[in-house]
Amino acid sequence: MNLIGSFNANVGMHAGIEILSKGGSALDAIEAVTRLVEDNPDDHSVGYSGYPNLLGEVELDASIMEGTTLRAGCIGAIKGYRHPISIARRVMTELPHVMIVDKGAERFAEECGEVRENLLTPEVEKTWRDGLEGNGMIGWSGIPEMLTSLLRRSRGVTRDPEHATGTVDVMALDGAGHIASAVSTSGWAWKYPGRLGDSPIIGAGNYCDDRYGACGCTGWGEAAIRAGTARSVVLYMKMGMTVEAACREAFADLHPLLKGTANDMNLVAMDRHGNACGMTSAEERQFVVWRSGMTTYEVLPRIVVVH
Ligand code: GLY
């Protein structure tokens, strides 16, 4: 049994470890871990208290995948519900669809009995306003026609690595040999309303297959969409590469996209035996790993690739 995540999954690892240790499923474990990250008010890249879009609205994306059946559920640009991962799971299990976004996602969340709430904390609202004001946007009228120029002018804010992209990746291999993977995010802070990154897109930010392994991405979602990164890593493992070689190959694919930009990409991946790899084009990023037999998870450095 194995449970792996991006560093910010640490707040939920205990819940996933307990589920797996008691014979629970990989799917239950990754959902439980992700929900606790979505609840974490100190994590401004996921769920409650996530950084908002240009209009100051917290807009969340998530996806969940089951490696045994290749079933998946995805939620995009949902507002007012702190647990998009659970809504994504219900899309996967209850609807004949894979992805629902925006108002449809909110309608479905309500039908699922999820509680609607304000996810924008006063602290985050202040950061959002400071970001706009710090970039000369005081007095911004907020009319929709202005958003494109606002996005251009907000470039300094949206490129701040502390604010721009976060996201949580979680993947597990359970005692029955099944793999599942989850990704949840508030996306690119100060993003254009309705912008979707890689997190809710199966094959881009999230992919798993019991036969080969799993991969989740954080960082510049536009690059992972364009390179089909998560699916690529799993396919490279299918072709016989180790999990580390597969991640390196995916970074080679990403290289022309990342080169010359200020953007970074981060991968967490696992092969079908539970061997883990964390890789980043940023500096000194970590990830968390638990294997059966360990009393708790360990924090490991990611391999750094230069672009
Ligand atoms: N990787 C998260 C995003 O780009 O939204």
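Every number here is computed from the coordinates shown, using simple stated rules; none is lab data. No experiment lies behind these values; they were computed from the predicted model shown. Because the Cβ atoms are built from the backbone with ideal geometry, glycine has one as well, and the counts that use them run over all protein chains shown.
Structure notes:
- Each Lys or Arg adds one and each Asp or Glu takes one away; over the other residues whose Cβ falls under 12 Å from the Cβ of Gly80, this sums to -2.
- Membrane-span-like helices in the chain, defined here as complete DSSP H runs extending at least 18 Å along the helix axis by their C-alpha atoms with mean Kyte-Doolittle hydropathy no lower than 0.0, are 26-39, 243-258; this is a sequence and geometry rule, not a statement about a membrane.
- Taking the fewest neighbouring Cβ atoms within 10 Å as the starting point, the ordered list for Glu59, Glu106, Glu133 is Glu133, Glu106, Glu59.
- Compared with the alpha-carbon gap, the fully stretched path from Thr242 to Glu94 is longer by 49.8 nm at 0.36 nm per residue.
- Kirkwood-type radius of segment 1-50, with distances r between different C-alpha atoms, in Å: 10.8
- Formal net charge of residues neighbouring Asp39 (Cβ-Cβ distance under 15 Å; K, R +1; D, E -1): -4
- Fewest-first ranking of Met92, Met270, Met239, Met1, using other Cβ atoms within 10 Å as the exposure measure: Met239, Met92, Met1, Met270
- Taking 0.36 nm per residue of separation and subtracting the Cα-Cα distance, full extension of the segment from His255 to Thr121 would add 44.6 nm.
- Counting every alpha-carbon pair across segment 173-307, the share separated by more than 26 Å comes to 18%.
- Fewest-first sequence of Ile225, Ile100 by Cβ atoms within 10 Å of each Cβ: Ile225, Ile100
- Residue separation of Ile303 and Asp102 scaled by 0.36 nm, minus their Cα-Cα distance, works out to 68.8 nm of gained length.
- Debye-sum result for the chain in log10 I(q)/I(0), which assumes one identical scatterer on each alpha carbon, at q = 0.07, 0.12, 0.14, 0.16 Å⁻¹: -0.24, -0.71, -0.96, -1.25
- Longest segment of the chain lacking trypsin sites (Lys or Arg not before Pro) that sit in a DSSP loop with at most 16 other Cβ atoms within 10 Å: 23-115
- Amide N proximity, segment 1-38 versus Thr296 label position 7 Å along Cα-to-Cβ, cut-off under 13 Å: 10-15
- Relative contact order of segment 57-100, pairs being alpha-carbon contacts under 8 Å that are 6 or more residues apart, as %: 39
- Computed over the chain: relative contact order in percent, which uses C-alpha pairs under 8 Å that are six or more apart: 21
- Loop-located GluC sites (Glu not before Pro) in segment 205-307 (DSSP state other than H, G, I, E, B) with a sparse environment of at most 13 neighbouring Cβ atoms within 10 Å: Glu283, Glu284.
- Considering all different alpha carbon pairs of segment 190-232, the Kirkwood hydrodynamic radius works out to 10.5 Å.
- For segment 178-188, Karplus couplings with θ = phi - 60° (6.51, -1.76, 1.60), whole Hz, Gly/Pro x: 8, 10, 9, 9, 9, 9, 9, 7, 9, x, 6
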